[in-house]
Amino acid sequence: MAIAAGVNSGVTACSFFALREIVISPLLVNTLPWPQYSRRRHDLGISHPNDWPTDTPTWSDLRQHNTLDSGLSGAIAGGVLRGWKSGPRAILPGMLTIGAVCTLLQLAYNEATVSRLRYISGLKVKAPANEAPAAPAPRSKTASERFLTLIGVHQVTEEEYLEKMKATRDRHLRRIAELEQQLATEKAQEKSKDPSV
């Protein structure tokens, strides 16, 4: 059963990525005039008459990277594999389902990439030694932070976390002291009951 699931996953992944990287992405890069694809053409050294000026990508551009490619590849691969496995009636549901899942997974991957880049860029930005550090600009919350806030999970500052850890440590140290005292009392009682020990 596990071998069959592994083989199915491998065939699905291989067909999806081969289709996306060998057929769909080159086709879209060579035909679509959108900024994402003109930037990719510029990176590959391909000239196109309808290219937009290539600026540095924005956060929005990074969030949309490869979503169309993944959606189309997922739809085609899902339709073909589902049709092959379950017959022609399953082609359209397979295309819609797998296309939507692949698009959502690509969006989630892109959001994780944006979060990682924002974190890294925040670490590398440092004020020069002779200047006073400026107050950090309030950053907008990512989708994952908004979701966590929605379900009641709140971010804790380092100072709050440190205070909580100190309080937990103190509580455990008090409990250890109580247990050591209790153990010493029990040993004293045992010695008083059994003088041979």
Per the filter on the stretch 15-29, residues within 22 Å of the chain's Cα centre (by Cα) and within 14 Å of I98 (Cβ to Cβ) are F16, F17, R20
A careful count of residues in the stretch 140-197 that are closer than 30 Å to G122 by Cα, open to solvent by less than 90 Å² (accessible area, probe 1.4 Å) and polar (S, T, N, Q) gives 5
| query | Does at least one position in the stretch 132-142 carry a residue that is modelled with pLDDT under 95 and under 30 Å from R20 (Cα atoms)? | reply | yes
Checking S47, S25, S70 in turn, the sole residue that is loosely packed, with under 12 Cβ neighbours inside 10 Å and either closer than 30 Å to L117 by Cα or charged (D, E, K, R) (or both) turns out to be S47
Condition set small (G, A, S) and in contact (Cβ under 8 Å) with a residue 24 or more places away in the chain, scope the stretch 74-100, selection farthest from S15 (Cα to Cα): answer is A100
Picked from the stretch 95-131 (must be among the charged types (D, E, K, R) and out of contact with any helix residue (DSSP H, G or I) (no Cβ under 9 Å at 6 or more places or on another chain)), the residue modelled with the highest pLDDT is R116
Answer yes or no: is there a residue in the stretch 42-58 that is of a type in the set (S, T, N, Q) and part of a helix (DSSP H, G or I).
no
Within the stretch 76-113, the count of residues that are among the aromatic types (F, W, Y) and either buried (at least 17 other Cβ atoms within 10 Å of the Cβ) or more than 30 Å from K141 (Cα to Cα) (or both) comes to 1
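Conditions (1) more than 16 Å from L72 (Cα to Cα); (2) at pLDDT 80 or above, marked per residue:
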| residue | (1), (2) |
| --- | --- |
| G6 | yes, yes |
| S9 | yes, yes |
| A13 | no, yes |
| V23 | no, yes |
| L27 | no, yes |
| N30 | no, yes |
| H48 | yes, no |
| T54 | yes, no |
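The values are calculated or read from the model by the stated rules, or taken from the named source; none is laboratory data. Keep in mind that this is a model prediction, so the values were computed, not measured. Every residue, glycine as well, gets a Cβ built from its backbone with ideal geometry; the counts of neighbours run over all protein chains shown. Remember, those area values only see protein heavy atoms, side chains included, never the ligands or the DNA or RNA. Shrake-Rupley method; radii C 1.70, N 1.55, O 1.52, S 1.80 Å.
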